[in-house]
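Notes to accompany the following structure.
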Amino acid sequence: MSREPLIAVVPGSYDPITRGHLDIIRRARSVADQVIVAVGDNTTKNYLFTQDERVQLARLSVADLPGVSVEPLTHLLVDFAAGHGAAMIVKGLRFAGDFDYELQMAHLNTHLQPAIETVFLPAGREFGTISSSLLRTIAHNGGDIAEFVTPEVLRAVTARVAGRP
């Protein structure tokens, strides 16, 4: 008896995508047949990269991961997930504050799309303190972020903070 493939959506702004994000994506893929990385665009955030650039950087970063694709997220996450046949949304958690916020979102998402579960994965020990915003700050101040991002992302961040396109 065959079953439908289990599809998971791993949403985020990914500005830029980090090794911590990639850890969550890999771990989501270990339980799901397919993972869709949904790159969101929040109008209240001040991004280093455009959504198209963040999608491209994410695609470069997951290119070696079978069963993982990247798509722009342009509307409600649960509608995106339902439209792609996903059964779950996977969120990475670093701190208690992440849990408080994400639990509220999970409850609202369940209300909107009861068939889609939200699954929380704790950040890996080596990635628990990484955030894209902190990495942007470090890069803007001349610090080295190489151990936290892929070489492609490092080149893009370095160029952008230097004022190059």
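A short reminder: the numbers here are calculations on the coordinates, not readings from a lab. All figures in this text were calculated on a predicted structure; none of them were measured in a lab. Heads up, the Cβs are rebuilt from the backbone with ideal geometry, glycines too, and the neighbour counts pull from every protein chain shown.
What to note about this one:
- Under 14 Å, Cβ to Cβ, from Val157 - net charge with Lys/Arg +1 and Asp/Glu -1: +1
- Lys, Arg +1 and Asp, Glu -1 on Cβ, resulting dipole of the chain about Cα centre, debye, nearest 20: 280
- Alpha carbon Rg of segment 81-137, scaled by the compact-globule rule 2.2 N^0.38 Å: 1.30
- Each Lys or Arg adds one and each Asp or Glu subtracts one; over the other residues with Cβ under 15 Å from the Cβ of Tyr47, this totals 0.
- Charge tally around Leu108: other residues with Cβ under 14 Å, Lys/Arg +1 each, Asp/Glu -1 each, net -3.
- Separation of alpha-carbon centers, segment 82-106 and segment 6-45, rounded to whole Å: 11
- Global geometry of segment 8-89, whether rounded, prolate or oblate, following the gyration tensor of its Cα atoms and the 1.5 cut on a/c: oblate
- The chain pair-distance distribution - Cα-Cα, 10 Å bins, rounded %: 10, 39, 37, 12, 2, 0
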